[in-house]
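Values quoted throughout were computed directly from the atomic coordinates according to the rules given, and no laboratory measurement underlies them. Treat the numbers as computed from the prediction; the structure is a model and nothing was measured. Glycine also receives a Cβ, built like all others from the backbone with ideal geometry; neighbour counts cover every protein chain displayed.
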Amino acid sequence: MPRNVSEIADLVRAGMTALDASGFASLFAADAVYEKPFLGQRTEGRSAITAELTAAGARGRALGVAKTEVEVTLTETGFVLELVAVGETFAFPSSVGIVTVTDGSITSYRDYPNGSGASAAAREVFDRFLAASVENRWDDLAELYAEDVVIEMPFTPAGVPRLTKGREELRRRFRAAGGVRRLVKAENVVVHETADPAVLVAEFDLHGEMAGEAFASTYVMVMTIADGRITHSRDYSDTAAAAERIRRFTASSPAGSTAG
């Protein structure tokens, strides 16, 4: 006996909650249609639809989405799905879908995704990065980076390494720098979304104090975020000015300093 609409909706809800399409893939008719009207996209056939939904789940997990909260409303032809993506420290409405059921199978799924929603997850990580920086919480800052993170600093002077690899090396550098200077605020923060929701570009100024001297540094960061952590970043700043501040501090300190 074919499943009724309520049973199909329950199976889809369970799969969507776990970001796993495999549990309801067989419910699509062989000639089912999956559409994204906002994007003008159309996918036909059970296998192709299952592959697309599986890829969407993988992208969500890469952004740090742990589960999806699903609200189901039954209609005269099927049901409506209202989805909220939930991560460790964020939640945002991710899509609404109109599902048509015919003779016990899903024949049509019209999906209307929140175009800015996925970028919100990456922005939330950046906001935590900025807050930890200006509050001088160096261990909290380090924990925002993936264990195998790679940081590129293209503007470093000759002779200074342009790559930093690994969370623990970053932690060491953060603690060393925190021992000789204190950040006090961030200003002129501008965040740009990109075509890839896992990547954002941020412009900002950090103000701080070092050896009794106030300073401001301007940054541009191209940041990639996966599983709720920064996995790669290209950091641009006036490294020559930073090196000069460290030189003056070292010259004025009897003990010297090795902080970067």
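For the chain, adding -39500 (n - 2.57) for each run of n ≥ 4 DSSP H residues and dividing by the number of residues yields -10000 deg cm²/dmol at 222 nm. Projecting the Cα atoms of S47, Y219, V33 onto the charge dipole of the chain (Cβ charges, centred on the Cα centre) puts Y219 farthest toward the positive pole.
The range 1-59 and the range 106-130 have their alpha-carbon centroids 19 Å apart.
Report the net charge of residues surrounding V96, where surrounding means a beta-carbon distance below 10 angstrom and charges are Lys +1, Arg +1, Asp -1, Glu -1.
Numbers: positive: R110; negative: E71, E82, D111.
Computed value for this residue: -2.
Amide H contacts under 5 Å for L19: T68, restricted to partners 5 or more places along the chain or on a different chain, H placed in the peptide plane at 1.01 Å from N.
Give, as a single signed number, the net charge of other residues whose beta carbon lies under 13 Å from the beta carbon of T77, with Lys and Arg counted +1 and Asp and Glu -1. Before the final figure, lay out the partial values.
Working: positive: R110; negative: E76, D103.
My count for the surroundings of T77 gives -1.
This model, with +1 at the C-beta of Lys and Arg and -1 at the C-beta of Asp and Glu, gives the range 130-213 a dipole about its Cα centre of some 420 debye. Each residue of the range 186-192 was assigned a 3J(HN,Hα) from its phi angle through the Karplus expression (A = 6.51, B = -1.76, C = 1.60, θ = phi - 60°), giving 10, 9, 6, 7, 10, 10, 10 Hz with x at Gly and Pro. Think of the chain as having a plus end and a minus end, set by charges on the Cβ of Lys, Arg, Asp and Glu; of G228, A56, A91, G228 sits farthest toward the positive end of this dipole. Residue separation of V72 and A48 scaled by 0.36 nm, minus their Cα-Cα distance, works out to 6.2 nm of gained length. Distance between the pseudo-spin-label points of K185 and A14 (7 Å out from Cα toward the beta carbon): 5.5 nm.
Close amide H partners of G64, meaning residues 5 or more places away or on another chain with modelled amide H under 5 Å apart, are D227, G228. Under 29 Å from the Cα of K165, which lysines turn up, not counting those fewer than eight places away in the same chain? Here the lysines satisfying the reach criterion relative to K165 are K185.
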